[in-house]
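**Student:** Below are the structure tokens for one structure; questions will follow.
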Amino acid sequence: MNAPASNLSEAGAVLLRGRNITRRWGGLVALKEVDVALQRGSIHAVIGTNGAGKSTLINILSGEFPPSEGQVELLGQDVTAWAQARRARAGLGRSYQRNTIYPSFSVFENCRLAAQATHQQAWRWWQSAQHCTVSCGIAEDVVQRSGLADLRNLAAGLLSHGQKRQLEIAMCLATQPQVLLLDEPLAGMGAEETERMLAMLEDLKADHAILLVEHDMDAVFRIADRVTVMVNGSVIASDTPAAIRTDPQVLTAYLGDH
Amino acid sequence: MNTRLAFVLACFALLALFPLVAGSYGIDLVTKIMVYAIFALSLELLVGGTGLVCFGQAAFFGIGAYTAVLLSSDSNASSLAWLLPASVLAAAAYALVVGSLSLRTKGVYFIMVTLAFAQMAYYVVHDTPLGGGTDGIYLTLKPVLGTLLDLDKPGTLYGFTLACLVLVFAGLAVLGRSRFGRALAGIRVNEQRMRATGFSTYPYKLAAFTVSGGIAGLAGFLFAVKDGFVNPEMMSWHLSGAVLIMIILGGLGHLRGALIGAFAFALLQELFKSEAIFGAFAKHWHLGLGLSIIACVVLLSRGLVGLPAQLPARLLGAKNSEGAAP
């Protein structure tokens, strides 16, 4: 049943829910009956070793490919059959593990192009992208918000790795999402860049539901409100960071029987 | 005014002044090259603008040409006012059909599917009475626009072709800066990211494919009017390959690259065909043309548009290495 629209704007409202998600690749079960719920105002981290199924989960939730079984609900609507672009327009933003920015475009242009996705009227196709006030307004806002304002005219390919990751998030924000699925946003970052990114995520938390797939455990346990641990495609624990730290199943999975 | 715009304006100004100094051979040759340039621009929208390597562009060119000839009357000169749009629309309609199916594939499959559709069109005109078979069909009376334009006159056809080239170039330049054009550029760089951002990429690509087919149809129409004759070779894969070489030679991703590439390709062709220069070797002109294209691609990775940027570096590099030698 669809949740009432008024409830979705409140903190704690479930904006994205995955129910019983299973994904098989031939005989390999990449995800097995995974349940996940993302709430507004909360960062939900998903951790696990390589091959645990974290990226597969993000890909299914974002609509990159469909689940073999299970259901995805976005803002109370069943979107399992929706294409990725439609989910994105409905309020689902995602970033990738690797940089997917447009290197030859300026920082501002990257954000403006992403913002353009929010209002794609066919009859305005000919309008100059540079003079589109709506896209430019949104792009200006996210460039400021992501701390890239000083670099707005620089070709994105010339940014440092950390700045590229910031731009990835800025491009997500330019689509004005309610849910953010972030695949290893801290990968390859230095200490200073990590701090900046964590501050940005903390800032975004109030208005968004965030799923964070990350290998940096210090950062995860510092920022996450809830942590889900995956092993071999299954969820072995999902709880608050404090409870996860002492969960015997998690300790066994991460540290073995020592 | 930036140098690129100044270069393009200078090219168009030179083309406008060319008939004042050229003879009938020169006018005929440059008219043909301008038609090739329009054809190359149509493919540049797909390859350089959207990242779609179409290997069947000649089909749209040929359909534009055949439509012009098949719809023309043998007793009265047809009006340009309806014959030109009909040729463009016929080519665009075929592009819409081909695009709607072929754009479901990617990479090398897309290249092969577009080639297959072009070969289908080729065999329709080659093997049926509709297209006059291998002999082709003659255009008895060339189209007119009242008393204003008579395309039977080489000078008028030259001016009309130049006007079409300027319009297509300007239209594609505006399109490249539009919301639609920027979305196509995004698709060229990273289609997956565009989908994740909220763009349904298929309609964008299909629209680009259809517009490209329509422009190729315009080029085909002009070619048929210029030669007064069409045959199946206008739809052959050789021509699809040649136009692809033109845009690679000129430099992918630049409209002026298509323009330069068309001129370079056609002039190299004329050069190596010249018996006055190459004597008996002129009959092997394909060899000379091929070698010079390979040399261009090897030495100029960004095509001829990259020449001003690369030449000083190469010359400097050569001098430095000479200086470093013991």
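The values are calculated or read from the model by the stated rules, or taken from the named source; none is laboratory data. Computed from a prediction, not measured in an experiment: that's the story for all the values here. Cβ atoms come from the backbone with ideal geometry, glycine included; neighbour counts cover every protein chain shown.
**Student:** Quick check on my filter: what residues within the stretch A:80-91 are touching a helix residue (DSSP H, G or I) at 6+ places or on another chain (Cβ under 8 Å), facing chain B (nearest Cβ under 8 Å), part of a helix (DSSP H, G or I) and free of Cβ contacts under 8 Å to residues at least 40 places away in the same chain? First the steps, then the outcome.
**Tutor:** Kept after step one, since they are touching a helix residue (DSSP H, G or I) at 6+ places or on another chain (Cβ under 8 Å), are these residues of the stretch A:80-91: A:83-85, A:87-88.
Then keep just the ones that are facing chain B (nearest Cβ under 8 Å); that gives A:83-85, A:88.
Those still in the list that are part of a helix (DSSP H, G or I) too: A:84-85, A:88.
Within the stretch A:80-91, A:GLN84, A:ALA85 qualify.
**Student:** Further question on the same structure: Any idea which of (1) at the interface with chain B (Cβ under 8 Å from one of its Cβ atoms); (2) closer than 26 Å to A:ASP150 by Cβ is the one A:ARG94 doesn't satisfy?
**Tutor:** Answer for A:ARG94: the failing condition is (2).
**Student:** Could I ask something else about it? Test each condition in (1) assigned to a loop (DSSP other than H, G, I, E, B); (2) in contact with a Leu (Cβ under 9 Å, 6 or more places away or on another chain); (3) within 14 Å of chain B (Cβ to nearest Cβ); (4) of a type outside the set (Gly, Ala, Ser) for A:LEU186 and report the one that comes out false.
**Tutor:** Looking at each condition in turn, A:LEU186 falls short on (3).
**Student:** Could you list, ordered by first residue, the pairs with Cβ atoms under 9 Å in which the first is in the stretch A:1-25 and under 13 Å from A:LEU61 (Cβ atoms) and the second is modelled with pLDDT of 70 or more and among the aromatic types (Phe, Trp, Tyr), at least 6 apart or interchain?
**Tutor:** Partner pairs satisfying both residue conditions: A:ARG23/A:PHE65.
**Student:** Can you pull out every residue in the stretch B:2-53 that is out of contact with any helix residue (DSSP H, G or I) (no Cβ under 8 Å at 6 or more places or on another chain) and either of a type in the set (Ser, Thr, Tyr) or not in a helix (DSSP H, G or I) (or both)? Write out each step before concluding.
**Tutor:** Narrowing the stretch B:2-53 to residues out of contact with any helix residue (DSSP H, G or I) (no Cβ under 8 Å at 6 or more places or on another chain): B:2-3, B:5-6, B:9-10, B:13-14, B:17, B:20-21, B:23, B:25.
B:ASN2, B:THR3, B:GLY23, B:TYR25 - these are the residues of the stretch B:2-53 that are out of contact with any helix residue (DSSP H, G or I) (no Cβ under 8 Å at 6 or more places or on another chain) and either of a type in the set (Ser, Thr, Tyr) or not in a helix (DSSP H, G or I) (or both).
**Student:** Let me ask something else. Does A:LEU113 satisfy being within 14 Å of B:ALA196 (Cα to Cα), surrounded by 22 or more Cβ atoms within 10 Å (Cβ to Cβ), hydrophobic (A, V, I, L, M, F, W, C) and within 13 Å of the chain's Cα centre (by Cα)?
**Tutor:** Details: within 14 Å of B:ALA196 (Cα to Cα): yes; surrounded by 22 or more Cβ atoms within 10 Å (Cβ to Cβ): yes; hydrophobic (A, V, I, L, M, F, W, C): yes; within 13 Å of the chain's Cα centre (by Cα): no.
No, not satisfied.
**Student:** Could you list all residues from the stretch A:116-125 that are under 16 Å from B:MET194 (Cβ atoms) and facing chain B (nearest Cβ under 8 Å)? I'd like the intermediate steps shown before the answer.
**Tutor:** The first filter runs over the stretch A:116-125 and keeps only residues under 16 Å from B:MET194 (Cβ atoms), leaving A:116-120, A:125.
Passing the criteria: A:GLN116, A:ALA117, A:THR118, A:GLN120, A:TRP125.
Okay, residues lined up against (1) part of a helix (DSSP H, G or I); (2) charged (D, E, K, R); (3) touching a residue at least 24 places away in the same chain (Cβ under 8 Å):
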position	(1), (2), (3)
A:GLU64	no, yes, no
A:PRO67	no, no, yes
A:ARG94	no, yes, yes
A:ASN99	no, no, yes
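**Student:** Within the stretch B:182-201, track down each residue that is more than 11 Å from A:ALA85 (Cα to Cα) and out of contact with any helix residue (DSSP H, G or I) (no Cβ under 8 Å at 6 or more places or on another chain).
**Tutor:** B:VAL189, B:ASN190
**Student:** Now for a separate question. If a residue has to be under 15 Å from B:ALA242 (Cβ atoms), aliphatic (A, V, I, L, M) and touching a residue at least 40 places away in the same chain (Cβ under 8 Å) to count, how many in the stretch B:261-304 make the cut?
**Tutor:** 6
**Student:** I've got another one for you. Only residues that are away from every other protein chain (no Cβ under 11 Å), surrounded by 16 or more Cβ atoms within 10 Å (Cβ to Cβ), among the aliphatic types (A, V, I, L, M) and assigned to a helix (DSSP H, G or I): list them for the stretch A:126-160, please.
**Tutor:** A:ILE138, A:ALA139, A:VAL142, A:VAL143, A:LEU151
**Student:** How about the stretch B:105-126: which of its residues are more than 17 Å from B:ALA58 (Cα to Cα) and either under 23 Å from the mean Cα position of the chain (by Cα) or assigned to a helix (DSSP H, G or I) (or both)? First the steps, then the outcome.
**Tutor:** We begin by selecting, within the stretch B:105-126, every residue more than 17 Å from B:ALA58 (Cα to Cα); these are B:105-109.
Correct list: B:LYS106, B:GLY107, B:VAL108, B:TYR109.
**Student:** While we're here: Looking at B:PHE180, B:PHE160 in this structure, which one is closer than 30 Å to A:THR100 by Cβ and of a type in the set (Phe, Trp, Tyr)?
**Tutor:** Step by step, each of B:PHE180, B:PHE160 is checked, and only B:PHE180 is closer than 30 Å to A:THR100 by Cβ and of a type in the set (Phe, Trp, Tyr).
**Student:** Further, regarding this structure: Please state which one of A:ARG19, A:ARG98 is within 17 Å of the chain's Cα centre (by Cα), surrounded by fewer than 23 Cβ atoms within 10 Å (Cβ to Cβ) and among the charged types (D, E, K, R).
**Tutor:** On the way: A:ARG19 fails: within 17 Å of the chain's Cα centre (by Cα).
Just one listed residue meets the conditions, A:ARG98.
**Student:** Let me ask another. For residues in the stretch B:92-104 being buried (at least 18 other Cβ atoms within 10 Å of the Cβ) and over 19 Å from the mean Cα position of the chain (by Cα), which is farthest from B:LEU70 (Cα to Cα)?
**Tutor:** B:LEU103
**Student:** For residues that are of a type in the set (S, T, N, Q) and within 14 Å of chain B (Cβ to nearest Cβ), scanning just the stretch A:42-79, find the one that is surrounded by the most Cβ atoms within 10 Å (Cβ to Cβ). Lay out the reasoning, then the answer.
**Tutor:** The first filter runs over the stretch A:42-79 and keeps only residues of a type in the set (S, T, N, Q), leaving A:42, A:49-50, A:55-56, A:59, A:62, A:68, A:71, A:77.
Retained after the next criterion (residues that are within 14 Å of chain B (Cβ to nearest Cβ)): A:55, A:59, A:62.
Numbers: A:SER55: 18, A:ASN59: 22, A:SER62: 25.
Result: A:SER62.
**Student:** Check the stretch A:112-128 and report whether any residue there is farther than 27 Å from B:GLY49 by Cα and free of Cβ contacts under 8 Å to residues at least 60 places away in the same chain.
**Tutor:** Narrowing the stretch A:112-128 to residues farther than 27 Å from B:GLY49 by Cα: none.
No.
**Student:** Same structure again: Answer with yes or no whether B:LEU141 is within 14 Å of another protein chain (Cβ to nearest Cβ) and either part of a strand (DSSP E or B) or among the hydrophobic types (A, V, I, L, M, F, W, C) (or both). I'd like the intermediate steps shown before the answer.
**Tutor:** On the way: within 14 Å of another protein chain (Cβ to nearest Cβ): no; either part of a strand (DSSP E or B) or among the hydrophobic types (A, V, I, L, M, F, W, C) (or both): yes.
Spelling it out, it is not the case that B:LEU141 is within 14 Å of another protein chain (Cβ to nearest Cβ) and either part of a strand (DSSP E or B) or among the hydrophobic types (A, V, I, L, M, F, W, C) (or both).
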